[in-house]
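Take a look at the structure below.
The values are calculated or read from the model by the stated rules, or taken from the named source; none is laboratory data. Remember, it's a predicted structure, so these values are computed and weren't measured experimentally. Glycine gets a Cβ as well: all are built from the backbone with ideal geometry, and neighbour counts include every protein chain shown. Ligands, DNA and RNA are excluded from the accessible area calculation, which covers all protein heavy atoms including side chains. Shrake-Rupley method; radii C 1.70, N 1.55, O 1.52, S 1.80 Å.
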Amino acid sequence: MIQHDVDLTAANTLGLPATAERLVTVTSLAQAHEALVEAERHDWPLTVIGGGSNLVLEPWLPGLVVRPALTDYWLEPADGDTVRVHVGAGVNWHELVVAMAERGLWGIENLALIPGQAGAAPIQNIGAYGVELAEVLETVHLLERDGARERVLGRDECAFGYRDSVFKHALENRVIITRLVLRLSHRPRPRLDYGDLAARVPASPSAADVVAAVSAVRREKLPDPAVLGNAGSFFTNPIVDAEKAQRLLDEWPDMPHFPLPDGHVKLAAGWLIDRCGLKGVRDGHVGVHDRQALVLVHHGGGSAAELLALAERVTAMVEARFGVRLTREPRVLGEAVPGKA
Ligand code: EPU
């Protein structure tokens, strides 16, 4: 059922005030299909919102907002020790991580406590503590907006990169992701190279031990959206060429840097912002988190415009000091000025 003028403040983890002209929650493939046909028939702009944890919402979302709520998942035995997990787009990501770890299935335990729904996970190729979704993802099932056709993309067709995929480029705003298929394994394979993760788990940890350790690290650094509005990392970690990285290291020898296989070097945006003295600053209703400078926060009563102005200020300061241009991570959706068609 399509609802009108729906308040989305609670539907985005930044807690920004926004209204959807129309909203429909789809709990089946058939309903998703119907929503697409309806939007096409009326020529409504269409926006898909999952858990709302990686979005900056402008005040007005015209047309039709679709919220996928396909919340089932099932397991299918596969080769050797592996299992295929079919996951509806509306499944809460962290609940899936916990459920898989409890079954002794390995592969996504390092991705614990990432907010949002499974359907959004491939868009930015969620990653944390040395693991990316792309490593375990087999296929993405989707509906194409044009013609409402079903399609299955294999991992190679998703063009996964660091916080990147085809869904941010050629397929941006053109599909509704309905289901993911992940390949997990019963064979223990703890990935503990990142930070002090190894020190936080017992010898021969279970997947659930890793989930607990990752969750603890995240709780220490990252604000809980239920308490303080945020969208996780607001910028991606910038990638520069080796020469540029060396010039920066000559000046700031303690700068965190991670050489990549292709010769480029990844820098830590949080460190760059921190070194500009911005950690913990507050600008009206928005600010930079006081424990992780990569996270912008909304204290309440603010707007997308205020937050984006702060992001611009942060970007300009980092560029002036380090000559590195930061890229925003969350997607900005909607319109600044309400204007009903
Ligand atoms: N740092 C600072 N000051 C800060 C923040 C970070 O000096 O305010 C330094 C840290 O000391 C460390 C380096 O920067 O040396 C990197 O920091 P951290 O290990 O906390 O990770 P990150 O690069 O800030 C990335 C992801 C996170 C993910 C963590 C752990 C991106 C954009 N962010 O953060 O993802 O949880 O690694 O893997 O890649 C998210 O995307 O929402 C997110 C939280």
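Where does segment 187-260 land on the Kirkwood hydrodynamic radius, alpha-carbon pairs, in angstrom? Please report the intermediate quantities before stating the final value.
Values: mean 1/r = 0.0645 Å⁻¹.
Roughly 15.5 Å, rounded to one decimal.
If you count only protein heavy atoms with a 1.4 Å probe, what accessible area per residue comes out for segment 261-341, rounded to a whole Å²?
Working: 3800 Å² over 81 residues.
Ligands and nucleic acids excluded, the figure is 47 Å² per residue.
What does the extension gain come out to for Arg219 and Trp252, with contour length at 0.36 nm per residue minus their alpha carbon separation? Let's see the in-between values first.
Working: separation 33, 0.36 × 33 = 11.88 nm, distance 2.90 nm.
So the extension gain works out to 9.0 nm.
Which one, Pro188, Pro59, Pro261, has the greatest fluctuation when you compute a Gaussian network model over the chain with C-alpha springs under 10 angstrom?
Of Pro188, Pro59, Pro261, the Gaussian network model singles out Pro261 as fluctuating most.
Using r as the Cβ-Cβ distance of Arg321 and Ala199, and R0 as 35 Å, what FRET efficiency do you calculate, to the nearest 0.05?
On the way: r = 33 Å, r/R0 = 0.95.
Between Arg321 and Ala199 the formula returns 0.60.
Considering only DSSP states other than H, G, I, E and B, which trypsin sites (Lys or Arg not before Pro) in segment 238-308 qualify as loop sites with at most 16 other Cβ atoms within 10 Å?
Numbers: sites: Lys244, Arg247, Lys266, Arg275, Lys279, Arg282, Arg291; in loops: Lys279, Arg291.
Taking segment 238-308 and a limit of 16 other Cβ atoms within 10 Å, the loop trypsin sites (Lys or Arg not before Pro) found are Arg291.
Kindly report, to the nearest 10 Å², the accessible surface of Ser233 as traced by a 1.4 Å probe over protein heavy atoms only.
Ser233 has an accessible surface of roughly 40 Å² with all protein chains in place.
Give a residue-ordered list of calculated ³J(HN,Hα) values for segment 154-170 (Karplus: 6.51 cos²θ - 1.76 cosθ + 1.60, θ = phi - 60°; whole Hz; x for Gly, Pro).
Going residue by residue, I get x, 3, 5, 7, 8, 6, 5, x, 4, 6, 8, 6, 4, 6, 9, 10, 4 Hz, with x marking Gly and Pro.
If r is the Cβ-Cβ distance from Ala309 to Glu150 and R0 is 41 Å, what FRET efficiency results, to the nearest 0.05?
Between Ala309 and Glu150 the formula returns 0.50.
Can you give me the long-range amide H partners of Glu329? Hydrogens built in the peptide plane at 1.01 Å from N, cutoff under 5 Å, separation of 5 or more residues or another chain.
Phe235, Thr236
Helix hunt in the chain: which complete DSSP H runs extend at least 15 Å axially by C-alpha with mean Kyte-Doolittle at least -0.5?
29-42, 207-221, 304-322
How much accessible area per residue does segment 73-219 have, in Å², with a 1.4 Å probe?
Working: 6340 Å² over 147 residues.
Heavy-atom accessible area per residue stands at 43 Å².
Would you compute, for the Cα atoms of segment 123-186, the largest minus smallest coordinate along each principal axis and list the three values in descending order, in whole Å?
38, 25, 16
Residues with amide H under 5 Å of Val297's amide H, sequence separation 5 or more or different chain, H placed in the peptide plane at 1.01 Å from N; which?
It is Gly287, Val288, His289, by chain and number.
Relative to the present Cα-Cα distance, how much length would full extension add between Asp209 and Arg187 at 0.36 nm per residue of separation? Kindly include the intermediate steps, with their values, before the conclusion.
Working: separation 22, 0.36 × 22 = 7.92 nm, distance 1.49 nm.
Value of the extension gain: 6.4 nm.
Mean separation of Cα pairs under 8 Å and 6+ residues apart, divided by the residue count of the chain: what relative contact order is that in percent? Write out the running numbers ahead of the final one.
Values: 734 pairs, mean separation 61.9, N = 341.
Answer for the chain is 18 percent.
Given a Förster distance of 30 Å, report the FRET efficiency between Val337 and Val37 from their Cβ-Cβ distance, rounded to the nearest 0.05. Display every interim value, and only then the final one.
Details: r = 29 Å, r/R0 = 0.98.
Here the calculated transfer efficiency is 0.55.
Is the shape of the chain rounded, prolate or oblate, going by the alpha carbon gyration tensor and its root eigenvalues a ≥ b ≥ c, with a/c under 1.5 for rounded and a/b larger than b/c for prolate? The partial results should precede the final answer.
Values: a/c = 1.70, a/b = 1.10, b/c = 1.54.
Oblate.
According to the Cα gyration tensor, what semi-axes, each the square root of 5 times an eigenvalue, does the equivalent ellipsoid of segment 3-68 have, listed from largest to smallest in whole Å? Intermediate values should be presented prior to the final figure.
Working: eigenvalues 82, 35, 15 Å².
Three semi-axes, in Å: 20, 13, 9.
Relative contact order of segment 73-219, please, whole-number percent, based on alpha carbon pairs below 8 angstrom and at least 6 residues apart. Can you show the working numbers first?
Working: 289 pairs, mean separation 46.5, N = 147.
That works out to 32 percent.
Over segment 73-219, what percent of the accessible surface lies on carbon and sulfur atoms, probe 1.4 Å? Present the calculation step by step, with values, prior to reporting the outcome.
Numbers: 3040 of 6340 Å².
Heavy-atom surface of segment 73-219 belonging to carbon and sulfur, 1.4 Å probe: 48 percent.
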